[in-house]
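Beneath this line is the structure, given in structure tokens, with notes to follow.
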């Protein structure tokens, strides 16, 4: 910071001296210029005052820019932390959803297996029931035949 201030002051001083030199050499008159006169104590004091004013202006601008930079860095850091927190939260949600997805896939597989087993068991039970029905129906028909035969014998006697 101090080196920058010295550099700015030196630049300002050289700029002022250069402009003063240009003003002296090109004052707008076409007449021959008097030889260069070395500045008096009053001119030097005026230049020092002007340099001090310029330095104060530059320093105020530098302070303002530094303050703005610090504020922007704080804003940037806050936004970065907020975004990082959002990224972490989103990643946690994604992890939880992937775990839930795996759980649901396992549950679907289990339910499909159960459904297949129940369908197979129902089909087997239906076949057994049909077989029993057919067997009982056959027995019933046989019993009816015997009954008809027995009735016919009883009526013939």
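Every number in this text was worked out from the coordinates using simple rules, so none of it is lab data. What you see is a predicted model, and the numbers here were worked out from it, not measured in a lab. Reconstructed Cβ throughout: ideal geometry from the backbone, glycine too, with neighbour counts over all protein chains shown.
Quick notes on this one:
- Using 0.36 nm per residue and subtracting the Cα-Cα separation, the extra length available between residue 5 and residue 105 on full extension is 29.1 nm.
- Ranked by how many other beta carbons lie within 10 Å on average, peptides 125-131, 151-157 from highest: 125-131, 151-157
- Kirkwood hydrodynamic radius (C-alpha pairs) into Stokes-Einstein, the stretch 65-123, 37 °C and 0.692 mPa s, D in µm²/s: 210 µm²/s
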